[in-house]
Amino acid sequence: MPKEIIKTSGLKMMEIEKGTGSTPEVGQTVIAHYEIYFGEGTATSNYDYDNGTYIDELCDSTYDESKPFFGPVDFVIGQETPKDDLYKKGDSIKGLDEAFLSMKVGGKRKLIIPPELAYGAEFLWVKNDKVIRLCCSVYKASKC
């Protein structure tokens with residue numbers, strides 16, 4: 001069973017597939033797939049009334065043709081999405097950047113990103129004390 005790694009920043013990672021390619025660097029474009037799950041108390045939550053618990057729901061996936069970011073997405077490591085602004089092509093968040101910098105091309109990980117490494121309290125869908133859970137796969141890393 002894969003071991004969970006907890007970084008000093010609070011980022012939690014679990015290796016699903018170990019990559020064999022190069023390791024991305026700051027400033028490089030990483031082409032990746034992702035699936036994002038938001039938990040309890042978010043706009044996308046489902047509540048199981050029979051069991052009295054929240055069920056995490058898939059919020060966004062680059063594997064889903066009906067979603068706006070279908071297909072692998074470009075992230076430029078170090079190009080953070082500005083607070084209270086719209087996502088622009090290449091924007092990333094600190095938690096993804098930190099994970100990408102220790103992955104190899106071809107790798108896949110589950111991540112639990114704390115708010116301070118994501119969008120913080122400003123993010124409308126997630127309460128400020130909630131984490132973002134996602135699974136990401138790195139397909140390519142290249143110079144911008």
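Annotations for the structure displayed:
- Output for the range 106-117, where each listed residue is in a loop (DSSP other than H, G, I, E, B) and crowded, with 20+ Cβ neighbours inside 10 Å: Gly107
- The residue that is surrounded by the most Cβ atoms within 10 Å (Cβ to Cβ), counting only those in the range 1-29 that are closer than 15 Å to Lys104 by Cβ and hydrophobic (A, V, I, L, M, F, W, C), is Met13.
- Those strands (runs of 3 or more DSSP E) of the range 1-40 in which at least 3 residues are under 17 Å from the mean Cα position of the chain (by Cα) and aromatic (Phe, Trp, Tyr), considering only elements entirely within it, cover 29-38.
- Number of the condition not met by Asp74 [criteria: (1) part of a strand (DSSP E or B); (2) at pLDDT below 75; (3) not hydrophobic (A, V, I, L, M, F, W, C)]: (2)
Residue by residue, here is whether (1) closer than 20 Å to Thr29 by Cβ; (2) of a type in the set (D, E, K, R); (3) modelled with pLDDT of 90 or more holds:
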| position | (1), (2), (3) |
| --- | --- |
| Lys88 | yes, yes, no |
| Pro114 | no, no, no |
| Lys127 | no, yes, no |
| Arg133 | no, yes, no |
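The values are calculated or read from the model by the stated rules, or taken from the named source; none is laboratory data. Please read all numbers here as calculations on a predicted model, not as lab measurements. As a convention, Cβ positions derive from the backbone with ideal geometry for all residues, glycine included, and neighbour counts pool all protein chains shown.
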